[in-house]
1. Give the lysines reachable from residue 103 as a straight Cα distance under 25 Å; neighbours fewer than 8 places away on the same chain don't count.
2. Could you go through segment 106-111 in sequence order and give the Karplus-derived ³J(HN,Hα) for each residue, using 6.51 cos²θ - 1.76 cosθ + 1.60 with θ = phi - 60°, rounded to whole Hz, and x for Gly and Pro?
3. How long is the gain from residue 154 to residue 108 if the chain were fully straight, where each residue apart is worth 0.36 nm and the alpha carbon distance is subtracted?
4. Skip the ligands, DNA and RNA, and give the accessible area per residue of segment 161-319 with a 1.4 Å probe, whole Å².
5. Step through the residues of segment 146-156 one at a time and calculate ³J(HN,Hα) from phi using the Karplus curve (6.51 cos²θ - 1.76 cosθ + 1.60, θ = phi - 60°), rounding each to whole Hz and writing x for Gly and Pro.
6. Give the peptides 27-33, 150-156 in descending order of average Cβ contacts within 10 Å, highest first.
7. With a sphere of radius 15 Å drawn around the Cβ of residue 51, what net charge do the other residues whose Cβ falls strictly inside it have (Lys, Arg +1; Asp, Glu -1)?
8. What residues have an amide H closer than 5 Å to that of residue 111, excluding those fewer than 5 places away on the same chain, when H is modeled at 1.01 Å from N in the peptide plane?
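The values are calculated or read from the model by the stated rules, or taken from the named source; none is laboratory data. Because the structure is predicted, anything quoted here is derived from the model rather than measured. For neighbour counting, all protein chains shown are included, and Cβ atoms are generated from backbone atoms with ideal geometry for every residue, glycine included. Quick note on the areas: whole protein, heavy atoms, side chains included, nothing else; ligands and nucleic acids left out. Shrake-Rupley method; radii C 1.70, N 1.55, O 1.52, S 1.80 Å.
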Amino acid sequence: MSLLFRSRQQGASQVNISKLQRFVMFWVHNVQQALASLGELLRYPMASMMTMAVLGLSLTLPATLYVVVKNTESLGADWQNAAEITLFLRKDLTQQEVDTVHKRLSLSNAIESVRWIDKQQALSEFKEQSGFGDALAALQQNPLPDVLIVTPVAAQRSAAAARQLLSQLQQEREVAEARLDLDWLTRLEAILAVIRHGLSALALLLCVAVVLIVGNTIRLNINSKRDEIMVMKLVGATDAYIQRPFLYTGIWYGLVGGVIAWVATALIIWWISGTVAHVSELYQSQFRIEGLNFSEMMVLWLVAIGLGLLGSYLAVRKHVRTIEMT
């Protein structure tokens, strides 16, 4: 019994060892084939770099447009958050009535702050800044009304919510006129929507082009090694073993192509950042264009790797099977 138990235990340990060995060798073979595919690319550096450059530069255009749209949306969001409703009060209101409406609006849950511009103060500033001080001094009464600058809370700063609040404020008895200039913001949002859809279509077309380019390159590589593949099949090599180096080639294309896309996008953003900074200074703004952050760069890199792998996978599945049929 003890001998039987020992033999069973040894058999189980051998099975475990063999499973462990297969697992280890699987990854060893993967590393070897990945390095072999890299060495194959280094044998023809110009041809390999051209394919990688095409992949990277194809992704540069949608990445740059994404950065432009992202910064435009950020700038539009800042403008939208700064949106204010201007209330022109009736001229026949007394000082107490102006104070009352000012306090009442300040207590509203939809309003963050209310700034009161006194009509006497407004007239004094207008005299100083307009250059018509002497002409305005001849006026018998102040033609300007008291003005309340209403800043909505964050939840009310979208175009639709701000218009709804504007409609409510126009119903106030003390308000003669209310203004909210959001038409330009609506147009900007519509333009951004068109650009986003166009960017999506362009990115899709360029991704398809990248897959086709990588697939065609891998197809040529497979055809150049047709005899070698047939010999490997004759000696019992599996399809997975034969296909793996070509798949790693596609991954290498994506890895380097993603880096090229990073560099090209950063150079373009650096090139236009000077012009953007000059325009911002003209408008007395502190806006500076922002490039890709770390997570966006990782997404771009993964997309490049995925496209390289997809192109190689499609080529390998089709052409290796054809060689097998012959």
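1. Within the straight-line limit of under 25 Å, residue 103 reaches these lysines: 91, 119.
2. My calculation for segment 106-111 gives 5, 8, 6, 6, 8, 10 Hz in order.
3. Length gained between residue 154 and residue 108: 15.2 nm.
4. Dividing the accessible area of segment 161-319 by its residue count gives 60 Å².
5. With coefficients 6.51, -1.76 and 1.60, one gets 5, 10, 10, 9, 9, 9, x, 5, 4, 6, 10 Hz.
6. Working: 27-33: 12.4, 150-156: 16.7.
So the order, starting with the most tightly packed, is 150-156, 27-33.
7. Around residue 51, the surrounding residues sum to +1.
8. Under 5 Å from the amide H of residue 111: 153.
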